[in-house]
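Here the structure is laid out as structure tokens; the discussion comes afterwards.
The values are calculated or read from the model by the stated rules, or taken from the named source; none is laboratory data. Note that this is a predicted model, so its numbers are computed, not measured. Virtual Cβ from ideal backbone geometry, glycine too; neighbours counted across all protein chains shown. Side chains included, ligands, DNA and RNA excluded: accessible areas come from the protein's heavy atoms. Shrake-Rupley method; radii C 1.70, N 1.55, O 1.52, S 1.80 Å.
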Amino acid sequence: MNATFRFAALAACVAASAGAAGAGEAFLLQTKSTTMAFCRENGSWNMVHYGAKVESAADAADLAWNRWTGGHKYEQRRPAAYAAYGGDRERGYGFNKWGGLQVTHADGSLTLHLVGKKAETVPDAPGTTHLVLRQRDRVYPFHVVQHFRAVETCDVIETWVELKNGEAGAVRLGRMDSFAMGFPLLADGFRMQYATGQWGAEGQLRETPVERGQTVEIGSRSGVRDAFGNNASFMLTIGEASTETAGRVIGGALCWSGTWGISVQRDNCDYVEIRAGADTSAGAYVLDAGKSITLPKFALTFSASGKGQVSRNFHRWAREWQMPAGGKLRPVLLNSWEGSYFSFTEQVLHDMMDGVKEMGGELFVLDDGWFGTGKYARDNVHRDKVGLGDWVVNPEKLPNGLSGLSGEAKKRGLKFGFWVEPEMVNTNSWLYSAHPEWAIRERNRPVNVGRGGSQTVLDYSNPAVRENIFSQLDALCSKIPDLAYVKWDANADFFNMGSSHLDAAHQANLPFDYTVGLYDLLAKLRAKYPGVDLQACSSGGGRVDYGFLRYADEFWASDDTDARERVFIQWGESQFYPACAIAAHVTDVPNHQTKRVTPLKFRFDVAMSARLGFELHPKNMSAEDLAFAKKCVASYKRIRPTVQQGDLYRLVSPCGGSHAALMYVNGDASHAVVFLWGLVRANWSNFVPPLALQGLDKAKAYKVREINVVKERHCRVDGKTLRGESLTSMGLPVRLRGDYDSAVFELTAQ
Ligand code: GLA
């Protein structure tokens, strides 16, 4: 036994703490079914357990991670609440070579040795416990304040870190992770699931073992489209495998829209470190003397019953705690993009409004192509080559402006919204002509450009840039009465790395300061226009992250609107993000991205499993299709509360199979909706194994009713009333015939 371990202190505290942090040297941070335990050893704070609930004080103390033995002594490390480079030196045989925080002090010294000054709970919202650990370097006046905020009913813990440089000169942060938890190897195997992808194929799930001596790292280096490649989230299975319903899983998501990195490192002996934070690969962040910095929030959860529960915990937390209005039902909308691209007149848009109104939609959104003036007008000829940065209506295209359109929408009983891309500028714009120094650019090098051969990114670290964009957007929005929605797009990365605003010593601060600036602007707009819904878009799903979702109500899941592709994309995004945030639009066929032709029913059945919308010109639809669409929208409005606000149960994964299924269940399990999608059925057969339903009240009886029916029905017990128990145990008997056949069932408790 480690003689220096303050066993008695932990035991006493655990005994004293009932659901909240205790006093003294150790804490149990409790949620409904999980516990995160901390204690102070030799002055440093350690995290000694994170996982399923611990109720017994004595057991918790006996089993604390601190006390693990084995492995090679030289390499043995203690668990840490915040693993820092240079910490863990009491053992006298080395220190932590990893660590999520690396500080080069003002005098050039490279290590950090944190000692805990004070731990306390601070007042916070009802239903949360907010623990604050205050630490500083043993020698240098460098301070670390770590926050852990337990959101009890969701089993989610939010954590973030404030750093304060009390030294006489600037310090350099070589790594500045928000979370760096070190712990003993809790099982022989570890597996990491993450979502990766590219334009048109976001959210593709992959899972990889984390072997001895290995680091699995995901990240984004793009600056803007932070979720375009990998998503800033992961599920770590502790053990050989987990499923939707079984296995120990830690789920984590970094709430950040800038460059980021997440890694799971497993050493050659028995130590594991999870790290997540803003990325510093452009160079160390320079924190000036006397300055503080708050690092992005990281949210984590633990499930002892598989990945499905991780998702449900995150969805609930997102709706109730993270998103600005997560409990609000999202409208059925039509976005003009795929229906008209840049080629529209006011008449075209009015016709679209008529169409979406007829189908039962509630909101019309004008996409790209409405702005820019004179030689920089974004018209049908110049398209995406000009105009970004000039947020003024093109009067030739829209003589009555955005307020005219909003009025037309209102006449039809629709709400109105528009598209904007505020972080970007075309080199062909009035803004760039006046302020080339406002673009992110490198000294002494030409500006690299992206889309349209002229697009680049504005320097949001510069308050003057943000002020200009705020004034432009404010001038626009304030003139549109009843503005309901803004689509915030961002279609470029940091093609250049350099800021005219930051001085030579602070150039590497750009990626971080950019994102802080972005949030500053979003917060200002949201405060001024609280009733306006915001969609996060970034060339499709490039901005699917919980940093942006602090300000946004939903995200555009992908520019790929092929329903078959969307089954996979939305499946991947559903791992962490709730259905109310996933924008899914029914579009025309052949699909504009993949050329695939799928039945209209299949397109509805897929889009209705998230936030339903349209991206087509209703004028091109046949009377029969319009009638079907009308029926689907009416059904969607009925199932919408359950889909958008219910609990998700993923039943059959599309990955590797010929079909997929999931279901949503409302709060009191009185209503459920089951979605079944056939993919390409390689060998002819109607057979699909019965869908073992989840989340139902076993004692209740449910009436099964198929909706969105065209001709064929897909279930032989359609119309019957069956017990929740039987539907769970024996499953719902279903069938599919042919490629892209699909079905939706509504279950209503009788
Ligand atoms: C991006 C978005 C699309 C659309 C276009 C407009 O690609 O992802 O939805 O808004 O820009 O240019």
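Among the residues making up segment 350-370, those that are within 15 Å of the ligand (Cβ to nearest atom) and in a loop (DSSP other than H, G, I, E, B) are Asp367, Asp368, Gly369, Trp370. Every condition in (1) over 17 Å from Tyr485 (Cβ atoms); (2) surrounded by 17 or more Cβ atoms within 10 Å (Cβ to Cβ) holds for Ser343 except the one numbered (2).
From the list Glu437, Glu346, exactly one residue is away from the ligand (no atom under 16 Å from the Cβ), under 23 Å from Asp493 (Cβ atoms), of a type outside the set (Val, Ile, Thr) and out of contact with any strand residue (DSSP E or B) (no Cβ under 9 Å at 6 or more places or on another chain). Which is it?
Values: Glu346 fails: under 23 Å from Asp493 (Cβ atoms).
Going through Glu437, Glu346 in turn, the sole match is Glu437.
In the set Leu676, Leu727, Leu736, Leu732, only one residue is farther than 17 Å from Tyr649 by Cβ and open to solvent by less than 10 Å² (accessible area, probe 1.4 Å); that residue is Leu736. Pairs are defined by a Cβ separation below 8 Å, a sequence spacing of at least 6 or placement on different chains, a first member in segment 614-636 that is farther than 22 Å from Arg705 by Cα and within 16 Å of the ligand (Cβ to nearest atom), and a second member that is part of a helix (DSSP H, G or I) and among the charged types (D, E, K, R); the pairs so defined are Glu615/Glu338; Leu616/Glu338; His617/Asp351.
Filter segment 458-501 for residues that are of a type in the set (Phe, Trp, Tyr) and touching a Gly at 6+ places or on another chain (Cβ under 9 Å); which is farthest from Gly283 (Cα to Cα)? If you could, list the steps in order and put the result at the bottom.
As a first pass, look at segment 458-501 and keep what is of a type in the set (Phe, Trp, Tyr): 460, 470, 485, 488, 494-495.
Now drop any that are not touching a Gly at 6+ places or on another chain (Cβ under 9 Å), which leaves 460, 485, 494-495.
Values: Tyr460: 18, Tyr485: 38, Phe494: 15, Phe495: 16 Å.
If we take residues in segment 458-501 being of a type in the set (Phe, Trp, Tyr) and touching a Gly at 6+ places or on another chain (Cβ under 9 Å), then Tyr485 is farthest from Gly283 (Cα to Cα).
Is it the case that Glu437 is open to solvent by 10 Å² or more (accessible area, probe 1.4 Å) and not in a loop (DSSP other than H, G, I, E, B)? Yes, satisfied.
Looking at Asn426, Asn400, which is the one that is surrounded by 23 or more Cβ atoms within 10 Å (Cβ to Cβ) and polar (S, T, N, Q)?
Values: Asn400 fails: surrounded by 23 or more Cβ atoms within 10 Å (Cβ to Cβ).
When all the criteria are applied, what remains is Asn426.
Could you pull out the residue among Val224, Val249, Val216 that is within 20 Å of Arg650 (Cβ to Cβ) and either open to solvent by less than 10 Å² (accessible area, probe 1.4 Å) or assigned to a strand (DSSP E or B) (or both)? If you could, list the steps in order and put the result at the bottom.
Working: Val224 fails: within 20 Å of Arg650 (Cβ to Cβ); Val216 fails: within 20 Å of Arg650 (Cβ to Cβ).
Residue meeting the stated conditions: Val249.
Within segment 458-509, the set of residues being open to solvent by 10 Å² or more (accessible area, probe 1.4 Å), under 24 Å from Met176 (Cβ atoms) and acidic (Asp, Glu) comprises Asp493, Asp503. The number of residues in segment 534-552 being over 24 Å from Tyr194 (Cβ atoms), open to solvent by less than 10 Å² (accessible area, probe 1.4 Å) and either without any contact (Cβ under 8 Å) to a residue 40 or more places away in the chain or more than 16 Å from the ligand (Cβ to nearest atom) (or both) comes to 0. Of the residues making up segment 440-457, those that are open to solvent by less than 20 Å² (accessible area, probe 1.4 Å) and not β-branched (Val, Ile, Thr) number 2. I need the full set of residues from segment 335-374 which are free of Cβ contacts under 8 Å to residues at least 60 places away in the same chain and of a type in the set (A, V, I, L, M), in order please. Result: Leu349, Leu366. Within segment 371-396, being part of a loop (DSSP other than H, G, I, E, B), surrounded by 20 or more Cβ atoms within 10 Å (Cβ to Cβ) and touching a Phe, Trp or Tyr at 6+ places or on another chain (Cβ under 7 Å) holds for Arg378, Val386, Gly387, Gly389, Asp390, Trp391, Asn394.
Collect the residues in segment 291-328 that are of a type in the set (A, V, I, L, M), within 30 Å of Val249 (Cα to Cα) and surrounded by fewer than 20 Cβ atoms within 10 Å (Cβ to Cβ), keeping them in residue-number order.
Within segment 291-328, the subset of a type in the set (A, V, I, L, M) is 293, 295, 299-300, 304, 310, 318, 323, 325.
Those left that are additionally within 30 Å of Val249 (Cα to Cα): 295, 299-300, 304, 310, 318, 323, 325.
Hits for segment 291-328 are Ala304, Ala325.
Among residues that are more than 17 Å from Lys619 (Cα to Cα), away from the ligand (no atom under 16 Å from the Cβ) and crowded, with 23+ Cβ neighbours inside 10 Å, Phe416 is included. If the condition is being within 16 Å of the ligand (Cβ to nearest atom) and not aliphatic (A, V, I, L, M), then segment 307-343 contributes Asn335, Ser336, Trp337, Glu338, Gly339, Ser340, Tyr341, Phe342, Ser343.
Within segment 706-733, the set of residues being under 33 Å from the mean Cα position of the chain (by Cα) and in a strand (DSSP E or B) comprises Glu706, Ile707, Leu732. Count of segment 427-452 residues, restricted to those that are farther than 20 Å from His382 by Cβ and not acidic (Asp, Glu), is 9.
Please indicate, with yes or no, whether at least one residue in segment 556-566 is over 23 Å from Gly361 (Cα atoms) and either away from the ligand (no atom under 14 Å from the Cβ) or without any contact (Cβ under 8 Å) to a residue 12 or more places away in the chain (or both). Yes, segment 556-566 has at least one match.
Within segment 605-631, the set of residues being farther than 19 Å from Met353 by Cβ and buried (at least 23 other Cβ atoms within 10 Å of the Cβ) comprises Asp605, Val606, Ala607, Met608, Ser609, Ala610, Arg611.
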